[in-house]
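Novice: Okay, here's the structure, questions in a sec.
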Amino acid sequence: MIPARPGIPQLSLKGRALRLLAAREHSRAELERKLAAHAGDDPAELARVLDELATKGFISEARVAESVLNRRAARLGTGRVLQELRGKGLDEELLAQAATRLRATELERAREVWRKKFGTPAPDAAGRARQMRFLAARGFDTEVVRRVLREAVNGSADDEAGIDDA
């Protein structure tokens with residue numbers, strides 16, 4: 001257990017969990033990791049508190065997944081978002097549902113990320129490689145990255161979006 005600091009009241013496990021949940025959605029696995037140091041010699045107490053919070057609806061893995069998708073999907077590819085969801089300890093069914101949703105919009109999201117960062121096709125091979133690395137580092141699929149850059153050179157993404165080449 002972490003020692004108390006003078007003048008600061010100690011929160012119970014439930015109080016600490018509620019404070020964490022007030023800031024953002026947390027999965028049960030995340031809360032277990034974060035609260036383990038405060039559980040002391042009684043890990044059963046931590047399990048009881050988490051069970052109680054889950055029963056009352058304060059812990060919801062579906063809300064955690066939705067929150068991550070809403071916050072991160074616009075800037076990151078499917079690979080990176082799924083990696084973040086796995087790190088939160090979500091079950092495979094939720095991961096599969098999230099992957100399906102993300103893959104359906106990955107090309108559009110990659111186009112938008114590319115447009116915001118670069119906006120114009122690279123003039124040379126080194127520039128194209130830099131653009132590819134940028135998108136790949138954000139978790140976009142290799143084939144999606146190639147397609148975005150090919151469309152940028154050919155102008156078909158602009159045509160689909162209704163943007164004039166003025």
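Novice: Would you call LEU82 among the hydrophobic types (A, V, I, L, M, F, W, C) and touching a Lys or Arg at 6+ places or on another chain (Cβ under 7 Å)?
Specialist: The answer is no for LEU82.
Novice: Sticking with this structure for a sec: Could you please give the count of residues in segment 11-67 that are out of contact with any helix residue (DSSP H, G or I) (no Cβ under 6 Å at 6 or more places or on another chain), under 25 Å from ARG101 (Cβ atoms) and part of a loop (DSSP other than H, G, I, E, B)?
Specialist: 3
Novice: Are any residues in segment 97-148 out of contact with any Ser or Thr (no Cβ under 7 Å at 6 or more places or on another chain) and part of a loop (DSSP other than H, G, I, E, B), and if so, which ones?
Specialist: Matches in segment 97-148: PHE118, GLY119, THR120, PRO121, ALA122, PRO123, ASP124, ARG138, PHE140.
Here is a yes/no grid of residues against (1) among the charged types (D, E, K, R); (2) more than 28 Å from LYS116 (Cβ to Cβ); (3) touching a Cys at 6+ places or on another chain (Cβ under 7 Å):
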{"position": "SER27", "(1), (2), (3)": "no, yes, no"}
{"position": "ALA36", "(1), (2), (3)": "no, yes, no"}
{"position": "ALA54", "(1), (2), (3)": "no, yes, no"}
{"position": "GLU66", "(1), (2), (3)": "yes, no, no"}
{"position": "LEU69", "(1), (2), (3)": "no, no, no"}
{"position": "ALA73", "(1), (2), (3)": "no, no, no"}
{"position": "ARG80", "(1), (2), (3)": "yes, no, no"}
{"position": "GLU93", "(1), (2), (3)": "yes, yes, no"}
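Novice: Of the conditions (1) among the basic types (Lys, Arg); (2) surrounded by fewer than 16 Cβ atoms within 10 Å (Cβ to Cβ); (3) part of a helix (DSSP H, G or I), ARG75 satisfies every one except a single condition; which number is it?
Specialist: So ARG75 meets the others, but not (3).
Rule-based calculations on the coordinates, nothing more; no lab input. Just so you know, these numbers come straight off a predicted model, no measurement behind them. Positions of Cβ are generated from backbone atoms using ideal geometry, with glycine treated the same way; all protein chains shown enter the neighbour counts.
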